[in-house]
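The block underneath contains the structure these notes are about, expressed in C-alpha cells.
The values are calculated or read from the model by the stated rules, or taken from the named source; none is laboratory data. Bear in mind the structure is a predicted one, so any value in this text is a computation, not a measurement. Because the Cβ atoms are built from the backbone with ideal geometry, glycine has one as well, and the counts that use them run over all protein chains shown. The protein model used for the area step is the full one, side chains on, heavy atoms only, and it has no ligands, DNA or RNA in it. Shrake-Rupley method; radii C 1.70, N 1.55, O 1.52, S 1.80 Å.
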Amino acid sequence: MVKRNKILFRNIDWRIVIIYIIMIFFGCMNLYSVSPEKAEKQLIWILLSFFFIFIIFLFKPIHYKHITPFLFLFTLFLLIGVFFFGKNVNGSKSWYVFGSISFQPSELAKISTSLMIAHIMSQENIENNNKALLHISIILVLPSFLILLQPDPGSSIVFSSFLLTLYREGLSIYFILYFLFYILLFVVSINLSPWIVILFLFISFIFFFFLKKKNLSFIDLFFYIFLFISFSVFSFFSPFFFQKFFKQHHKDRINILFQNEFDRKYRDNVGYNLLYSKTAIGSGKFFGKGYQKGTVTKGKFVPEQHTDYIFCTVGEEWGFIGSVILIIFYLLFISRIYFLSERQKNIFGRIFGYSVGNILFIHLIINLGMVMGLFPTIGIVLPFFSYGGSSLWSFTVLLFIFIRIDASDQTSLI
C-alpha cells in the first residue's frame with residue numbers, strides 16, 4: 001500500500017500542479033485589490049479545495065467510472081429541483097442557498113457531464129455510429145437545456161466545448177461548422193430583417209447549385225434544400241425566440257455589442273460595465289500602474305470586477321506585459337492537459353482529459369472576449385481567478401480527477 005502510494009505520488013504531473021497553485025494564489029492577490037473581504041473568503045475556499053484534492057486521491061479511477069451514471073442522474077435532479085427550491089440571483093434561478101452557503105448545480109453539471117461523456121464514449125465509438133452519437137447528444141442536451149431555462153445562457157454555452165472533444169474522437173468538422181453557423185445566423189437575424197438574411201441564403205444556395213450542379217446527386221440536392229429550409233426557419237424565428245425567452249438584461253448585453261458603449265445614451269446603463277472594463281485595461285498601458293494602484297479598481301467603477309470582469313484588474317495593475325504572461329500561463333496549462341490527455345492509454349482518461357481542457361479553453365476565450373467587448377456579458381468566469389467557491393471547486397475537482405487518472409497505472413483504470 002505504501003509502495004503504491006509512493007508510485008502514485010511520483011507519477012503526479014507536478015508541472016501542471018505548480019501552474020495551478022500559481023494561478024489560484026495570483027488570482028487571490030488580484031481579488032485583494034478589488035475587495036480584501038472577498039479575497040479572504042476566496043483564500044478559505046482555496047484551502048478547502050486542497051481538502052477536495054485529498055478526497056479525490058482516495059478514490060481509484062475505476063471508482064469514478066462506476067459512479068458516473070449515478071452522479072449524472074443526481075445532477076439532473078439538482079438542475080430540475082432548482083426551479084422549485086432555488087433562489088433567484090441576478091435574474092437567474094440557478095442557485096441553492098443554505099444560510100450563508102450557496103451552490104450552483106451547473107458547476108457540478110460540468111463535472112458529471114465530462115465523466116458521462118467519457119464513460120459512454122469509452123464503450124461506443126461515435127465515428128460512423130449514429131446510435132452512439134444520439135446517446136451523446138441526449139447527454140449534452142439535457143443539462144444544457146435545463147441550465148438555459150434557468151435562464152443561464154452563459155453556463156449553457158460552456159457545454160458547446162464538448163463538440164471539440166467529440167471532434168477529437170472522430171466527429172466530422174461539419175458538425176462544429178454547422179453549430180457556429182447557427183450562432184452567426186442567430187446574431188445576424190436579431191440585428192437585420194430575417195427576410196434579408198433568407199434572401200442572402202437563397203442567393204448563396206443558387207450560386208452554390210450552379211457551381212456544383214454537374215456533380216450533385218439527387219440525395220445531395222435534397223440535403224442542400226433541407227439545409228436551406230432549416231437555416232431559413234431558424235433565421236425567421238430567431239428574433240421571436242430572442243424577444244420571448246431572453247431576459248431584458250440578456251438582450252441588452254447582446255445588443256450593446258453592436259452599439260457604441262461610449263455613447264451617452266449607453267454609457268450609464270447597458271454599456272457601463274464594458275466601458276469601464278475597457279478603460280481599466282487600456283489605462284494599464286504596457287507595464288501597468290502597479291499592484292493595488294489601479295484607480296478604476298480602487299474606485300469600484302466595474303460592478304462585477306471580482307467575478308466576470310476580474311481580468312480588467314490584471315490589465316490595469318499589471319499592464320500589457322502582465323496580461324500576456326497570464327494568458328501564456330493559461331495556454332501552457334491547457335496545452336499540458338491536452339498533452340497528458342493524448343498520452344493516456346485508456347480511452348476514458350483521454351476523453352475526460354480533453355473535456356477538462358476544452359471547458360477551461362472555452363471559459364478563457366469567452367471571458368477574455370467579454371471584458372474586451374468581443375462577446376456579450378454572459379456570466380462566464382475566469383477559471384481559478386474569479387471570485388466564487390462553486391466555480392473554484394468545480395474547476396479544481398475537474399482538474400484533479402484527471403491528474404488522479406493520469407497518475408495511475410496507464411495500462412488500466414485500477
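Identify all residues within segment 341-358 that are assigned to a helix (DSSP H, G or I), over 16 Å from the mean Cα position of the chain (by Cα) and surrounded by 18 or more Cβ atoms within 10 Å (Cβ to Cβ); write none if there are none. Lay out the reasoning, then the answer.
First, the residues of segment 341-358 that are assigned to a helix (DSSP H, G or I): 341-342, 347-358.
Subset that is over 16 Å from the mean Cα position of the chain (by Cα): 341-342, 347-351.
Answer for segment 341-358, where residues must be assigned to a helix (DSSP H, G or I), over 16 Å from the mean Cα position of the chain (by Cα) and surrounded by 18 or more Cβ atoms within 10 Å (Cβ to Cβ): Ser341, Phe348, Gly349, Arg350, Ile351.
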> Got a number for residues in segment 129-154 being free of Cβ contacts under 8 Å to residues at least 40 places away in the same chain and open to solvent by 30 Å² or more (accessible area, probe 1.4 Å)?
Replying inline: 11
>> If I ask for residues that are out of contact with any helix residue (DSSP H, G or I) (no Cβ under 8 Å at 6 or more places or on another chain) and assigned to a helix (DSSP H, G or I), which ones from segment 42-66 would you list?
In response: Ile44, Leu47, Phe50, Phe51, Phe54, Ile55, Ile62, His63, His66
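Please find, among Tyr387, Tyr338, the residue that is more than 24 Å from Ala280 (Cα to Cα) and open to solvent by 10 Å² or more (accessible area, probe 1.4 Å).
Details: Tyr387 fails: more than 24 Å from Ala280 (Cα to Cα).
Result: Tyr338 is the single residue among Tyr387, Tyr338 that is more than 24 Å from Ala280 (Cα to Cα) and open to solvent by 10 Å² or more (accessible area, probe 1.4 Å).
Restricting attention to segment 363-378, which residues are open to solvent by less than 30 Å² (accessible area, probe 1.4 Å) and in contact (Cβ under 8 Å) with a residue 24 or more places away in the chain?
We begin by selecting, within segment 363-378, every residue open to solvent by less than 30 Å² (accessible area, probe 1.4 Å); these are 363-364, 366-371, 373, 376-378.
The answer is His363, Leu364, Ile366, Asn367, Leu368, Met370, Val371, Gly373, Pro376, Thr377, Ile378.
Scan Ile203, Ile157 and give me the residue that is in a helix (DSSP H, G or I), crowded, with 17+ Cβ neighbours inside 10 Å and modelled with pLDDT of 85 or more.
Going through Ile203, Ile157 in turn, just one is in a helix (DSSP H, G or I), crowded, with 17+ Cβ neighbours inside 10 Å and modelled with pLDDT of 85 or more: Ile157.
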>> Restricting to segment 339-354, name every residue that is of a type outside the set (Phe, Trp, Tyr), without any contact (Cβ under 8 Å) to a residue 60 or more places away in the chain and over 15 Å from Pro61 (Cα atoms).
In response: Glu342
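Quick one: is Ser33 under 29 Å from Asp308 (Cα atoms), outside any helix (DSSP H, G or I), polar (S, T, N, Q) and open to solvent by less than 80 Å² (accessible area, probe 1.4 Å)? So that I can check it myself, show each step before the final result.
Working: under 29 Å from Asp308 (Cα atoms): yes; outside any helix (DSSP H, G or I): no; polar (S, T, N, Q): yes; open to solvent by less than 80 Å² (accessible area, probe 1.4 Å): yes.
Judged against the criteria, Ser33 is not a match.
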> Only one residue in Lys87, Lys41, Lys93, Lys110 is surrounded by 18 or more Cβ atoms within 10 Å (Cβ to Cβ) and basic (Lys, Arg). Which one?
Replying inline: Lys110
> Given the residues Phe50, Phe98, Phe83, Phe77, which is the only one that is over 20 Å from Ile380 (Cα atoms) and over 24 Å from the mean Cα position of the chain (by Cα)?
Replying inline: Phe98
